[in-house]
Every structure is written in C-alpha cells, then in structure tokens.
C-alpha cells in the first residue's frame, strides 16, 4: 500500500521522477537517500514564488493588478522546462468580510481569462466581491501564458467541415496539415498542454497566493477544468461553481458530437414556435411545413449559394449555424432573410446587436500573441486531454455518415475528421472525474454549447454537487444573467450552503436574458448573438 506522501506525488505526476525503482540489494543502502528525496518538495521553487504585482495597463483601473509566475512544463520533471502563467486580481472590497480568492475561467479551451476580473466586476453582486479577491489567469499556452501558435492560414482555421464523399480526402489532408503545423512549431510543448496540467497550475497559483483553498467560477470548458482540479486536489477546493457544464465522460469528441444531439430538439422547438407565428414569418403554419421550408432553403443554397451580407452561403454553411435555433426569434428572422435573399429580394436589416453591451478595450499586455493562438490552444488541449480520438480516417467517415442520418442538422459536422486524428498523444490519459467535492452546477435548459444532457453528466460525475436547471433558460452562461439561479449561486458563494437537493426554476419572461450578457470578446467560450452572418468562429467553442 502506498503511503499518503507517495499517493500525493502520484497525483501531481512527479512520483516517477522522485521514486525510482529499487532492486532488493540496493534498497537498504539507498533508504536514507530515498527518504530524503521523498521528503523534499519538488515544487518548492514554484509554490514559494513571490508575485511582482503591478498595474495591468495604464488604461485599466489601478486596482486591477497583474503578475507572471513560472510553472513546470512537465510536472513529472519539475526541474526541466518552464512556462509562464499570467495572473491578475482585484482585491476583495472588504478586508473584514474577505474569505479568500475566487479563480475565474471563461471557457475555451483557449479562452483568455486574464481580464475576467474586469469583466465580471459589473456582473457579480457586492456580497461576492466583498468576500473574494477575483483572480484571473490565462491558462498555459493561451494569451499571456507562453502562448502557442501553429502558423495556421484561413483555410486551416475553418474546421466546420461537413462530410461529403467528394471532399473527404481534402478534409483528411486539412486535419493532418493542422496537426503537422502545430507539431512542427510546438512539438515538445504539445503533450503538456492539457487540462490536468492547467489544474496543477491552478494549485501553484493557490500556493503562490498563500491560500489553503480556492473558490472557483468556471464557465463552459472552465467547468471541466474545475472538475479536474477538484479530482486532483479535493482538499484545495472550497466553493466551486460550474456554469454551463461539459460532461467529463464525453471529453472531447463526444462534447463536439453532443452539439449535434442538442441541436435537433432545439430545431424541433423552433419549428413549433415559428409555425405558431406564421402570420409574422410566413414559413409555414405547421412544424412540418416550417421544417420543409428550411430544408428547401438548404437544398437550394447547395445548388446555388445565396449572396447574403457580403457572403456567398451554401446550404452547408447555413446548417453550420446550428446554434441559432436555440434562439427562436433570431433564427426565424435569419431564415426569412435568407429566403428573401435567395429569391432576389433585398433582406431586411440583420438582427440588432443592441442587446449586447459595448466591449471595453482589452488591456495592452506586453507579450505578443500569435494570431492563431485561440485555435492552436483549442486543438492542443482538445487533442492532448484524451487518447480516445480515433486514428483511422475511415472511422470518421463512417461516423459522419451515421450521424448525418441521425442528426441531419449538424451530425456530419460533429463527427467528421478533426486534427486530433493525427495529433501526438498527450502525456497522460484523460482524467476520470468521480468525486464527492461539494460544487454547484448551473445549466440553462436551452444551451447551444453545452446542452442540458451535458450539464446532467457533470452532475453525475460530481457526486457531492447540486444542480440548478433554469427551465426555458436560453444561452450559454447562467450566473450573472439575472436568472432565477443567481440568488442560489450567490448564497452558496457567500455562505457555503448548497441547496438540499437539485432544483429547477423558471425566470419570468419579462426578466429573462439569453445567457450571460458579457461582450463576446470578454468570454471567448460564449457565443455571439446568433443568426448573424459570418463564418464559423470562436462562438462555436465551449
């Protein structure tokens, strides 16, 4: 049986370095050295750093401070290569009421988190800001934290690829090219850009800040990051809010495929809503008629692309906008405009962005970030987190054909080939999340990026958690959206008390917002207002 010290080292991924195998003949003589090595803290050089806090930017508030710390590239070899991790903070507004730190993550993978304290300052209630220093950070490989880049061009960045027999070989070459470009530029780093290592970085941040525990608010991909931290460091987890959750059992191909599964009921709901308003949209008086009108539009656009707001859109381009159907009125307006454009009629103005606040300028941080950092870091984590990606391109072909039949809107997009088919293996297997850490899982019923079944999967994995489901809730990101879940979440962060059981609640329609209303540039994991023309981009992430 391993002793507690050995078990903790294994959890940190450093036991193999510190505990070499000993032959019976050598064991006795080596015992003193063995004990000395085991007693040493291999991470002391990292956990005892003293951050040099300074104002982040001349244009940002003086209380918004930044620093950079070092973390090991490979926690199995802490004396080897090092990476930078950029951290930020705004201090708790009440020294008397301060409880500790609240780490923040916006999603991604690849989401920039350094400026999260700025963006969430206006969304979080005073009772929370009194008790916590708000801590932002760019995960390893992202933004100001030793950012990766692969030199990807525009075609490389377009990963919304439907399955077609005639383009399959081209799509396989695309996937291989992206993987090869990333490996060429970042080969030694790629195996270590994983959620497990980012969670370990979070524990270094905890130690550097002088805290015994951290509280946490993570959105989207950030929920998986929080769950992995809780799995590796259960004693370091205080009050954890996992908002719009990824299912740990489906990391990561399954989480892309769940977009297709979630889009079909959303599309059905949209047809019902639109049919009930046929006098307004004239797309059909029954759900079947609305459905037929949409698929006729797609078929026509595949024959002759639609000129729409400066773009030529095929039917497959329109299908790739599967997220818009979670927002029924915007989807109906967009489909009407596309229909009119296809018929040669000038469409009305695009749906207004007036509901979204103006994004403040990002701080001018010192480090230059590669233009493709968002995509490069996304694939780095998604591919390195798990070894479950199929390696045979023909498996993707079969799955795409199968899932296009099962989920016509998006199934072939979701199951088609991805760069992970050609990625090198990550340094470790995927994390099995199965713990009793107390956490609060938040979920909108109609979330396009992490559908309801995904949040339910997180609830099953986090056995000590409670889940709040916002019925009729639309959008990605719950806490801060003024939904009925806000009061329960604030109570948990302030008092530590979870609901006695899982809850469902409904926000009155006249108070409802479609997800967390922060600028899309603030939270790269959250979608922009759907239904607007534009190529698929960061809004199609976690």
Please report the base-10 log of the normalised intensity I(q)/I(0) for segment 255-342, using a Debye sum with one equal scatterer per alpha carbon and no solvent, at each q in 0.13 (1/Å).
-0.39
Give me the extension gain from residue 504 to residue 93: residue separation times 0.36 nm, minus the current Cα-Cα distance, reported in nm with one decimal.
144.7 nm
Virtual spin-label span in nm between residue 394 and residue 48, 7 Å along Cα→Cβ:
5.8 nm
Quick one: length gained pulling residue 158 to residue 55 fully straight, 0.36 nm per residue minus the C-alpha distance?
33.4 nm
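I need 83, 311 ordered by Cβ neighbour count within 10 Å, fewest first.
Working: 83 19, 311 12.
Result, fewest neighbours first: 311, 83.
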Extending each Cα 7 Å along its Cβ direction at residue 62 and residue 299, get the distance between those two points in nm, one decimal.
6.8 nm
So what's the gap between the Cα centers of segment 414-458 and segment 56-84, to the nearest angstrom?
26 Å
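Computed from the coordinates by the stated procedures, all read-outs in this text should not be read as laboratory data. This one's a predicted model, so the numbers in the text were calculated from it and none came from an experiment. In this analysis, Cβ positions are derived from the backbone assuming ideal geometry, glycine residues included, and neighbour counts consider all displayed protein chains.
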